[in-house]
Amino acid sequence: MTVRELQDKIIKLKKETNTAILAHSYQAREIVEIADFTGDSYKLSVDATKTDAENIIFCGVHFMAETAKMLSPQKRVFLANKDAGCPMAEQMDKDLISQIHAMEPDRTVVAYINTTAELKTVCDVCVTSSSALRIVRALDNDKLLFIPDCNLGSWVQAQCPEKDIKLLSGGCPTHAALTVAEVKKAKEEHPDALFLVHPECVPAVVALADYAGSTSGIMKFAMESDAKEFIIGTETSIAEHLQYECPDKKFYPVTKNIVCRNMKLTTLPDVYNTLAGMDSGEAFEILMSDELIASARKCIDEMIRLGG
Ligand code: 13P
Ligand code: SF4
């Protein structure tokens, strides 16, 4: 069967089963093409609440599907590939953060959305990379504990010197692996290109950027810019999607190694099998108790209340 034929079967089946497909922008092109909603973590969490579909299939990683379930508990939410987790989301647990917070209880606990639902139950407010600055600035308290990504936290701290932000040692292994030497090499190869970077990269790499921002921020900047060439300092799929959207511009992934293996686990057959297995119990459904949802979503509601 060709990719196009499988995509057609998926499109037909999702209509018959009243299912919406949400795909993070790090997914492969063939998955993005059959999705009802695509975007970064923040956009997708809002999109999940907007759809009238009874079922949601998430093409991304586990914490994203959990977030969709928390925001739409009446819907059935499935993760297209049950093994797709985010290593950063698993780096810190509830007990560790509760102990650290107990030492300085006057700090507001700010959690990147890339955390488990269990950990969110002991956090005060969530942020995504596109909302982190806005939310931190909107908080009344100036003393914060920002978890788990110390690179995103450092980026926020640099722009909010009035805040006292305690950071722990955690982060995205995919973005944190990008080195200054790799960026300098890419800049030498493409001297006319602007360098756009995700703040999950280390501060020394972010310091070399012409623009730093979330996945959707990078895409928006590149699409609206008058410049013609860009080095993309985030997951390689973003350079691919941008090249497709803007054929008259040139996009270079900063290295070919900046690939999130977890995001790339999901395949088109996974999406089809999930659609076909929703009623037989073969698909991977996100199941959470009402208590966990109520407790974990407080910090997401707080993020939305403060302006997303
Ligand atoms: P955003 O989608 O918020 O830009 O985050 C990037 C990422 O690493 C998602 O896991
Ligand atoms: Fe997690 Fe990084 Fe992959 Fe995003 S890119 S899912 S933060 S490991």
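Where a number appears in this text, it was derived from the coordinates with a stated rule and is not lab data. Here the structure is a predicted model, which means the values were calculated and not measured. Here the Cβ positions follow ideal geometry from the backbone for every residue, glycine too, while neighbour counts run over all protein chains shown.
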query: Non-local amide H neighbours of Ile231 (under 5 Å, H modeled in plane, Pro and chain starts lacking H): which ones?
result: Leu194, Phe195, Leu196, Tyr252
- prompt: Using +1 on the beta carbon of Lys and Arg, -1 on that of Asp and Glu, and nothing else charged, what's the dipole of the range 146-230 about the Cα centre, debye to 20?
  reply: 200
- prompt: Considering amide H positions built from the backbone, and no H for Pro or chain starts, which residues 5 or more places from Ala20, or on another chain, come under 5 Å of its amide H?
  reply: Asn55, Ile56, Ile57
- request: With N denoting the number of residues in the chain, provide Rg(C-alpha) divided by 2.2 N^0.38 Å, to two decimal places.
  value: 1.00
statement: Expressed in angstrom and ordered largest first, the alpha-carbon extents of the range 10-87 along the principal axes are 34, 28, 22
message: Can you sort Met92, Met303 from fewest to most other Cβ atoms within 10 Å of each residue's own Cβ?
response: Met92, Met303
- prompt: With θ set to phi - 60° and the Karplus curve 6.51 cos²θ - 1.76 cosθ + 1.60, what are the ³J(HN,Hα) couplings of the range 15-28 in order, to the nearest whole Hz, using x for Gly and Pro?
  reply: 5, 4, 9, 6, 10, 9, 9, 10, 10, 5, 4, 7, 6, 5
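Using helices alone, what [θ] at 222 nm do you get for the chain, with -39,500 (n - 2.57) per DSSP H run of 4 or more residues, divided over all residues and rounded to the nearest 500?
Working: 16 runs with 131 residues, N = 308.
Roughly -11500 deg cm²/dmol at 222 nm, from the helical runs in the chain.
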message: Per residue of the range 173-189, what does 6.51 cos²θ - 1.76 cosθ + 1.60 with θ = phi - 60° give for ³J(HN,Hα)? Whole Hz please, x for Gly and Pro, Karplus curve as stated.
response: x, 5, 6, 5, 7, 5, 9, 4, 4, 5, 5, 5, 5, 4, 5, 5, 6
- prompt: How would you rank Leu79, Leu6, Leu145, going from fewest to most other Cβ atoms within 10 Å of each one's own Cβ?
  reply: Leu6, Leu145, Leu79
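For Lys256, Lys43, which order do you get if you count the other beta carbons within 10 Å of each Cβ and list the fewest first?
By the 10 Å Cβ count, ascending, the order reads Lys256, Lys43.
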field: Over the range 190-308: Rg over Rh, Cα atoms, Kirkwood Rh
entry: 1.09
